[in-house]
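See structure below.
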Amino acid sequence: MGQVELEARLFELVGYMLTSGRNLLDETPMYGPFRLVDAASRLILLLEDEEITSSRLSTIRERIDAGKYSVMRSPGEFRTFLDSLVDALVDHMDSHGKEVIRRGKRIEKNKANANVNLGGK
Amino acid sequence: MDLWEAINGRRSVRAFLDRPVERDILERLLEAAIWAPSGGNAQTWRFVIVTESKRIRSIKTVSPGLFGDPAAVIAVCQDLAAARERGGTLGETFLAPVDAAMATENLLLAAYAEGLGACVIASFHRGAVGRLLDLPEGVEPMLLVSVGWPAESPPVPLRSKEGIVFFEVYNGSG
């Protein structure tokens with residue numbers, strides 16, 4: 001990704017967060033945590049596309065993308081999903097000091113999972 | 001396509017292939033939209049079809065509910081000044097959004113019949129989208145619809161008439 005495209009992607013991510021902040025005044029409170037975890041996923045994906053990867057961050061992004069749309073199915077399921085994300089964080093804390101940011105080709109596995117979408121209505 | 005096949009098969013699609021949607025197909029979707037019922041036959045809906053990728057990205061930046069990279073975004077708008085003129089307060093505050101919703105459903109079913117994926121978006125900043133689309137005073141975006149060739153097949157959602165559909169009176173079973 002060139003510097004121009006990277007700047008554009010960052011601008012769009014900031015736009016997503018700012019607009020979410022405004023819109024959440026009028027939206028269901030459930031969308032607050034949804035936008036937060038989705039923003040985390042978008043940030044990790046942007047870094048991956050910039051070929052800056054960490055296996056634990058990629059794992060967390062995959063978990064977010066696989067479960068985030070549960071917000072539209074069931075509050076209970078969404079709550080369980082959020083708890084599982086925090087559990088995953090704790091699971092990966094042991095890796096602190098061992099994990100490194102890799103710069104280079106993105107892991108293909110991640111690319112394949114980038115568009116996982118379990119939502120629907 | 002059979003009507004029931006479209007009604008039962010349509011899903012909210014949020015991942016799209018990197019492939020354009022031809023203009024004649026988009027125009028068919030809008031043909032379906034404008035054949036929806038309209039309160040008082042006001043037909044004060046307005047539609048803006050966006051296919052320029054740069055403009056779509058700008059819209060996406062101020063639309064947290066817009067996922068994926070669709071080939072087109074259709075803004076379903078209402079001329080609220082005209083709606084007020086045609087239908088009074090009821091026209092402006094009630095019939096206008098209802099008409100927009102009915103037109104949108106027609107559009108969604110037509111999109112499915114064309115093999116397209118689509119998703120209705122209400123989570124967007126109306127003022128910002130209005131500016132990006134150069135909407136005139138009095139014309140408000142009601143909904144956005146992302147449209148593209150689907151890159152996913154969302155699962156069948158749970159739907160049940162129980163506790164929702166009644167006969168004769170509320171909670172009645174006929």
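Taken together, the values in this text are just the output of simple stated rules run on the coordinates, not laboratory data. Everything quoted here is computed from the prediction, not taken from an experiment. Please note: Cβ atoms are built from the backbone with ideal geometry, for glycine as well, and neighbour counts cover all protein chains shown.
Here are the numbers:
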| quantity | calculated |
| --- | --- |
| Cα-based Rg of chain B normalised by 2.2 N^0.38 Å, two decimals | 1.09 |
| Label-to-label distance, nm, for residues given as A:Val86 and B:Ala101 (7 Å Cα→Cβ offset) | 3.5 |
| 10 Å Cβ shell holding at most 12 others, DSSP loop, chymotrypsin sites (Phe, Trp or Tyr not before Pro): longest site-free stretch of chain B | B:36-165 |
| The range B:25-174 - percent relative contact order, Cα under 8 Å, separation 6 or more | 30 |
| Long pairs among A:Lys98/B:Lys54; A:Lys68/B:Lys54; B:Lys60/B:Lys161, criterion Cα-Cα beyond 29 Å | A:Lys98/B:Lys54; B:Lys60/B:Lys161 |
| Unit charges on C-beta of K, R, D, E only; dipole of chain B, Debye | 480 |
| Prolate/oblate/rounded label for the range A:1-93 (Cα gyration tensor, a/c 1.5) | oblate |
| Within a Gaussian network of chain B (alpha carbon springs, distance under 10 Å), most fluctuating of B:Gly163, B:Gly91, B:Gly39 | B:Gly163 |
| Cut-off of 10 Å, at most 10 other beta carbons, DSSP loop: longest stretch of chain B lacking such trypsin sites (Lys or Arg not before Pro) | B:1-158 |
| Calculated from backbone phi, Karplus (6.51, -1.76, 1.60) coupling profile of the range A:81-95 in Hz, x at Gly/Pro | 4, 5, 4, 5, 5, 5, 4, 5, 4, 5, 4, 8, 5, 4, 7 |
| The protein assembly as shown: C-alpha gyration tensor shape, a/c 1.5 cut-off, then a/b vs b/c | prolate |
| Computed FRET value (nearest 0.05) for B:Asn171 with B:Arg28, which takes r as the C-beta separation and R₀ as 41 Å | 0.45 |
| Cβ-placed point charges (K, R +1; D, E -1), dipole of the protein assembly as shown about Cα centre in debye, nearest 20 | 560 |
| For the range B:1-74: relative contact order, % (alpha-carbon pairs under 8 angstrom, 6 or more apart) | 49 |
| Cα-centre dipole for the range A:1-72 with unit charges at Cβ (Lys and Arg positive, Asp and Glu negative), debye to 20 | 340 |
| Leading residue at positive end of dipole, the range A:3-110 (Cβ point charges), from A:Thr59, A:Val4, A:Ala40 | A:Thr59 |
| Computed [θ] at 222 nm, helices only, for the protein assembly as shown once each DSSP H run of length n ≥ 4 contributes -39500 (n - 2.57) | -15000 deg cm²/dmol |
| Of B:Glu22, B:Glu140, B:Glu162, the one that fluctuates the most in a GNM where chain B has Cα springs shorter than 10 Å | B:Glu162 |
| Gyration tensor verdict on the range B:1-87 (Cα atoms; rounded if a/c is under 1.5, prolate if a/b is larger than b/c, oblate otherwise) | oblate |
